[in-house]
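Read-outs throughout are calculated quantities, based only on the coordinates presented, and are distinct from any laboratory measurement. None of the values given here were measured: they were computed from a predicted structure. FYI the Cβ positions are ideal-geometry reconstructions off the backbone, even for glycines, and counts take in every protein chain you see.
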């Protein structure tokens with residue numbers, strides 16, 4: 001399981017304040033704790049915390065790279081902010097988060113990823129929005145995979161996100177999302193990674209305990225259907241333990257009594 005730590009995001013009050021005041025100690029602490037918890041990447045999202053998001057993204061990238069060796073997932077819907085992050089990363093391996101499945105956008109983001117030694121998260125949505133059926137999401141996923149081949153983006157660096165919505169929007173959607181995940185795994189050889197923004201599923205819940213339980217349950221079920229990466233709260237120890245154990249049960253690695261510790265190394 002590829003865990004992407006979600007906490008360095010301007011939507012969180014502590015991170016927003018740290019970005020605005022250039023308080024590197026908050027960012028460094030989150031980077032270190034998420035890395036120790038098993039994050040293989042750190043998501044970096046300025047959000048609305050800065051008047052100059054490009055400059056803020058550069059500062060975050062430079063601060064993080066000076067603190068931990070963990071590669072970064074550059075998260076923004078603004079292309080100039082992504083470019084600023086890539087420039088600050090200086091050629092280090094990153095993931096670009098994200099683009100839609102519109103062909104015109106893929107023709108911009110795919111070459112950008114290739115040129116910068118980066119992975120790319122692509123969402124199964126297009127100009128018409130987020131499809132509410134399995135077939136359309138799979139058609140967009142197939143377009144994404146075909147574009148990766150066309151632009152020379154290694155399939156092992158492509159992350160297709162079937163787009164998780166809050167559970168209260170449609171309680172049927174987790175069921176068809178899992179069908180989409182199962183089928184994405186057979187659209188190419190080797191297959192792309194399957195990514196999700198996990199916390200979206202529990203957005204409607206107000207109680208922390210309920211949020212955590214929904215996240216953990218959905219994650220384990222999704223792993224059984226092919227999900228192999230998630231942007232999530234890696235500081236939730238029970239969540240990480242459940243995901244690692246799901247991989248164990250699916251025979252993705254050999255059992256040992258210290259498998260939980262080994263997964264965090």
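What do the square roots of 5 times the Cα gyration tensor eigenvalues come to for the chain, in whole Å, largest first, as semi-axes of the equivalent ellipsoid? Display every interim value, and only then the final one.
Numbers: eigenvalues 133, 110, 69 Å².
Value: 26, 23, 19 Å, ordered largest first.
Where the centroid of each part is defined by its Cα atoms, how far is the range 168-187 from the range 93-141 in Å?
One Cα centre to the other: 17 Å.
Have a look at 144, 169, 201 and tell me which one the Gaussian network model of the chain (Cα, springs below 10 Å) gives the largest fluctuation.
Checking each option, the largest mean-square fluctuation is seen for 169.
By its C-alpha gyration tensor, with a ≥ b ≥ c as the square roots of the eigenvalues, how is the range 108-265 shaped: rounded for a/c under 1.5, else prolate for a/b larger than b/c, else oblate? Display every interim value, and only then the final one.
Numbers: a/c = 1.84, a/b = 1.24, b/c = 1.49.
The shape class here is oblate.
So what's the back-of-envelope 222 nm ellipticity for the chain, counting only DSSP H runs of four-plus at -39500 (n - 2.57) apiece and dividing by all residues, rounded to 500?
-14500 deg cm²/dmol
So what's the range 59-124 giving for Cα Rg divided by 2.2 N^0.38 Å, two decimals?
On the way: Rg = 11.6 Å, N = 66, 2.2 N^0.38 = 10.8 Å.
The value comes to 1.07.
Report the extension gain between residue 133 and residue 154 in nm, rounded to one decimal, defined as 0.36 nm multiplied by the number of residues separating them, less their alpha carbon distance.
Using 0.36 nm per residue and subtracting the Cα-Cα distance, I get 4.8 nm.
Fully extended, how many nm does the chain gain between residue 115 and residue 210 (0.36 nm per residue separation, minus their Cα-Cα distance)? Don't jump to the answer; show the numbers that get you there.
Working: separation 95, 0.36 × 95 = 34.20 nm, distance 4.23 nm.
Between residue 115 and residue 210, full extension yields an extra 30.0 nm.
From zero up to wherever the largest Cα-Cα distance of the range 71-166 sits, split into 5 Å bins and tell me the percent of pairs in each.
3, 15, 27, 24, 17, 10, 4, 1, 0
Let's test the formula: R0 of 41 Å, r as the Cβ-Cβ distance of residue 170 and residue 87. What FRET efficiency results, to the nearest 0.05?
Efficiency, rounded to the nearest 0.05: 0.55.
Once you keep just the Cα pairs under 8 angstrom separated by 6 or more residues, what percentage relative contact order results for the chain? Each step should come with its number before you reach the end.
On the way: 487 pairs, mean separation 45.6, N = 265.
Relative contact order comes out at 17 percent.
Using all alpha carbons of the range 138-223, what is the percent of pairwise distances in each 10 Å bin, ordered from the shortest bin to the longest?
Answer for the range 138-223: a P(r) of 17, 45, 26, 12, 1 percent.
Between residue 55 and residue 79, what length in nm is gained on full extension when 0.36 nm per residue of separation is reduced by their alpha carbon distance?
Between residue 55 and residue 79, full extension yields 7.3 nm more.
Taking the radius of gyration and the Kirkwood hydrodynamic radius from Cα positions alone, what is the Rg/Rh ratio for the range 1-58, to two decimal places?
Rg/Rh for the range 1-58 comes to 0.98.
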